[in-house]
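Have a look at the structure below, then the notes.
The values are calculated or read from the model by the stated rules, or taken from the named source; none is laboratory data. Note that the coordinates shown come from a computational prediction; the quantities given were computed from them, not determined experimentally. FYI the Cβ positions are ideal-geometry reconstructions off the backbone, even for glycines, and counts take in every protein chain you see.
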Amino acid sequence: MFNAFERTVAGRYLRARRGERFVSVIAIFSLVGIALGVATLIIVMSVMNGFRIELMDRILGLNGHLGVYGNGAPLVQYEEMLPRIRAVPGVVSAVPIAEGQVGLTSGRAALTFGLVRGIRQSDLKAMSVVSDHILAGSLDAFTGPDAIAVGAGLAQRLGLGIGSRVDMLSPQGEATVIGTIPRIKAYRVVAIFKVGFNEADTSFVFLPLEAAQLYLRLPGAITQIEVVTRDPDHVGEVNAAIRRALAGAPVRVVDWTQSNNSFFAAVEVERNVMFLILTLIIIVAAFNIISSLIMMVKDKTRDIAVLRTLGAGQGAIMRIFLLCGASVGVAGTLLGTLLGVVFCLNIERIRHVLESLTGTNLFNPEVYFLSRLPAVLQWQEVAQVVGMALVLSLLATLYPSWKAARTDPVEALRHE
């Protein structure tokens, strides 16, 4: 597309001589602007992807993809429902859960509120989001009337370790002649987990299902059945199939798109808005390319006239300046892509270095829900960003190049 003559002239124009430094500085700013825009866009999109994926893994890993609840009452005949649910195509598992709000304290620690979830030992071991993140203890000891597994944040807050006793207070107290007295029962910590989801690590506790049913006063009953599906993006089809399988039973089926739809929709909207805002950085850098090329054309008017006189056609002149602008755009895009990818692959290390240098917490898990800064590179998305930057850079060179090609050599030499 570009012959040796055009490449040589374009390369010469990109290397500033004395008196041409200003044009070169603007070209450098254009290159840096495109590089920063591309890098920032890749980093932010990767972090937003990481947030969505991590939150889905944590939230859906703990709560299932859909839940079957009693219609205003606990589920009593859940043992009959479980095989019917598990027989539905697309269902991976169905787990009975007894759940309730409680108060938790230990020794002189202040009372904190949490969520107790009664679950069978085999089901908790199969819940990889918990069983794969046990910091201390073992789920093998998760059995008996006084066993309990707690999150790492809650254990730290209450000063708990393996074998420690934690008191659980139920808001549904005992009625006595002097009023309602809260029910208190002590449990022994057998496992401490850290799933990386701050809300779960600081408020979730697990009890064996029978112990939870006894404490929550749900004899032979549960609060919900949590169902995990093969594909959470098509959970609606499984939802409808479960409704048909449980036709006639007094239940309601709620999937994750209904219970968490507003949250994930907000994340998606924020991601799209950030994409549009950061794209403006690349557009501004593209305008810098236009400015630098227009100034270059103005500065090289005499050279253009000489080249035209020596036989260079309008197409050759246009290609020379296209190559000048495209070189800046391509170099900036490649540099920005390299910076963005390297930053994403080392984002946690960079965060720790910045925190040690500034002495501040740049990623508070209590605010952002997660204990680490996630970044997931999607190469198709990276390719889209690169393609967009290259197209904008190329479009920015068209008008100045066309203007250079339209230069009248006679008029240019006459005004010299």
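Among the residues making up the range 231-267, those that are in a helix (DSSP H, G or I), within 20 Å of Met48 (Cα to Cα) and either of a type in the set (Gly, Ala, Ser) or modelled with pLDDT under 75 (or both) are Asn261, Ser262, Phe263, Phe264, Ala265, Ala266, Val267. Look at (1) surrounded by fewer than 20 Cβ atoms within 10 Å (Cβ to Cβ); (2) in a helix (DSSP H, G or I) and you find that Gly72 fails only one, number (2).
Taking each residue of the range 323-350 that is touching a residue at least 60 places away in the same chain (Cβ under 8 Å) and within 19 Å of Asn288 (Cα to Cα) and looking for partners that are charged (D, E, K, R) and assigned to a helix (DSSP H, G or I) with beta-carbon atoms closer than 8 Å, six or more apart or interchain, yields Leu323/Glu6; Leu323/Arg7.
Residue check: Ile320 meets all listed conditions (1) under 27 Å from Asp57 (Cα atoms); (2) touching a residue at least 24 places away in the same chain (Cβ under 8 Å) but one, namely (1).
Remark: pairs (first residue in the range 79-103, within 15 Å of Arg120 (Cβ to Cβ); second residue among the basic types (Lys, Arg); Cβ separation under 8 Å; 6+ apart in sequence or on different chains) = Ser93/Arg86; Ala94/Arg86; Val95/Arg120; Pro96/Arg120; Ile97/Arg117; Ala98/Arg117; Glu99/Arg117.
Quick grid of which residues meet (1) out of contact with any strand residue (DSSP E or B) (no Cβ under 6 Å at 6 or more places or on another chain); (2) closer than 30 Å to Gly248 by Cα:
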{"site": "Val92", "(1), (2)": "no, yes"}
{"site": "Gly100", "(1), (2)": "no, yes"}
{"site": "Thr105", "(1), (2)": "no, no"}
{"site": "Gln121", "(1), (2)": "yes, no"}
{"site": "Asp132", "(1), (2)": "yes, no"}
{"site": "Ala136", "(1), (2)": "no, no"}
{"site": "Pro145", "(1), (2)": "yes, no"}
{"site": "Ala155", "(1), (2)": "no, no"}
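Residue-level check: of (1) within 29 Å of the chain's Cα centre (by Cα); (2) modelled with pLDDT of 90 or more, His65 misses just (2). Looking only at the range 295-329, residues that are under 25 Å from Val391 (Cα atoms) and buried (at least 17 other Cβ atoms within 10 Å of the Cβ) come to 16 in all.
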